[in-house]
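Okay, structure first, notes after.
The values are calculated or read from the model by the stated rules, or taken from the named source; none is laboratory data. Quantities reported herein were computed from a predicted structural model and do not represent experimental measurements. Don't worry about glycine lacking a Cβ; one is built from the backbone with ideal geometry, like all the others, and counts go over all protein chains shown. Only protein heavy atoms, including side chains, enter the accessible area calculation; ligands, DNA and RNA are left aside. Shrake-Rupley method; radii C 1.70, N 1.55, O 1.52, S 1.80 Å.
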Amino acid sequence: LYNHLGLAYEMADEWEKVRVTYETMRAFAQDSGAAKVEVIALNHLAVYSFHHKGDIPGAKALLEEAMEVAKEACLTEVLVETACNLAGLMVYRPAETGPSRLLAEEALATARNLKRPDLVARTLSTLARLETWASRFEAAAARAEEGAKLSRQLAARPAPTRATLPSMLAEGMGLSASWRAGIRAMEALSLSYLGYVRLYQGRPQEGVAILREVLEISKGLPERAQ
């Protein structure tokens, strides 16, 4: 209930209530020994710190704490979800490109083993960004194409019944309340990196066509993601 209440406040742009709800959720989880709930609350607080406050060090500390809680409780799925978020955050710190790629590649391998295509798509988007910024254009294109294709397939499926953690890659809060919006945002991100790569490779017409597709996708997303 705390989880859904926080998401409802996100969609209503009531940010102080968002923060209080997730902090209350975290305290409740610690008092009751509910490790998975604590990890979810920490992820929500990290996404809040990043998207609403612009506090990258604070968000990183919260995600690292979530990783430790998940490891101690042997919560493999929420551990890899948190790792996806942490890798996505570290992309914004150029000095941590190496550790970020390693973390993302480990998360990708685990997500494939768990048969979690949503996590695979999320991590592919992170890796596409990393490879683009490192000027490894062939690798970036491969990651971006696979991520976009998988996201497109997921968007056509019914929303899963399992509760998933918020995605750091959805460029704006509130998208985790909508399965399809979050997945379509990931598709747009993967395609945007593919478009950049085609421009850098001297294929501007192809790059512009891809970026026009991104623009069309964005028109169907909530305003905060456009």
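For this structure, a couple of remarks:
- Out of Ala128, Ala148, sole residue that is at pLDDT 85 or above and either of a type in the set (Ser, Thr, Tyr) or in contact with a Lys or Arg (Cβ under 6 Å, 6 or more places away or on another chain) (or both): Ala128
- Pair list, Cβ under 7 Å, 6 or more apart: region 87-98 residue modelled with pLDDT under 80, other residue among the aliphatic types (A, V, I, L, M): Val91/Leu130; Tyr92/Ile56; Arg93/Ile56; Glu96/Met90; Thr97/Leu130; Thr97/Ala134
- Enumeration of residues in region 109-119 that are part of a helix (DSSP H, G or I) and open to solvent by less than 10 Å² (accessible area, probe 1.4 Å): Ala111, Leu119
- Cross-chain or 6+ apart pairs with Cβ under 8 Å, region 205-218 first and free of Cβ contacts under 8 Å to residues at least 12 places away in the same chain and over 13 Å from Ala188 (Cα atoms), then assigned to a helix (DSSP H, G or I) and among the basic types (Lys, Arg): Glu206/Arg198
- Per the conditions (1) closer than 23 Å to Ala27 by Cα; (2) open to solvent by 40 Å² or more (accessible area, probe 1.4 Å); (3) free of Cβ contacts under 8 Å to residues at least 40 places away in the same chain; (4) hydrophobic (A, V, I, L, M, F, W, C), the sole criterion not satisfied by Ala134 is (1).
- Residues that are of a type in the set (Ser, Thr, Tyr) and modelled with pLDDT under 95 occur in region 45-56; there is at least one.
- The residues listed here are Thr82, Thr97, Thr123; of these, the one that is assigned to a helix (DSSP H, G or I) and over 15 Å from the mean Cα position of the chain (by Cα) is Thr97.
- Conditions (1) modelled with pLDDT under 95; (2) closer than 23 Å to Ala107 by Cα; (3) of a type in the set (A, V, I, L, M, F, W, C); number of the one not met by Leu5: (2)
- Residue satisfying all of: in region 28-63; out of contact with any helix residue (DSSP H, G or I) (no Cβ under 8 Å at 6 or more places or on another chain) and part of a helix (DSSP H, G or I); most open to solvent (accessible area, probe 1.4 Å) among these: Asp31
- Selection over region 151-162 of residues that are modelled with pLDDT of 90 or more and either among the basic types (Lys, Arg) or not in a helix (DSSP H, G or I) (or both) gives a count of 1.
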